[in-house]
1. At 4 °C and 1.567 mPa s, grab the translational diffusion coefficient of the chain from Stokes-Einstein with a Kirkwood Rh over Cα pairs, rounded to a whole number in µm² per second.
2. Below 8 Å, C-alpha to C-alpha, sequence gap of six or more: please give me the relative contact order for the chain in percent.
3. What length, rounded to one decimal in nm, is gained on full extension from VAL48 through to ARG29, with 0.36 nm per residue of separation minus their alpha-carbon distance?
4. Using the Karplus curve 6.51 cos²θ - 1.76 cosθ + 1.60 with θ = phi - 60°, what ³J(HN,Hα) values do you get for each residue of region 39-51, in whole Hz, with x for Gly and Pro?
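Each value in this text was obtained by applying a stated rule to the coordinates, not by laboratory testing. On a predicted model such as this, the values are computed, not experimentally measured, just so you know.
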Amino acid sequence: MTAGGKQSVALPNGEKRIFLEAGDEVILRARCHREGQVSIGFGECRGVVLD
């Protein structure tokens, strides 16, 4: 997302970030859909960045 730290990302609160910081929570969710097939869910994986 940040092109290897070369571009910042604007957060909803107006803050700009290049990298994750201590205390940030990362949430990954995924699902795969294909017409005529059963969808497969990855579910949710959460983690908090430590110091």
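1. Estimated via Stokes-Einstein, D reaches 95 µm²/s.
2. Taking the mean separation of contacting Cα pairs over the length of the chain, I get 31 percent.
3. 5.3 nm
4. Each residue's phi maps through the Karplus curve to give 6, 10, x, 7, x, 10, 10, 10, x, 10, 6, 8, 4 Hz.
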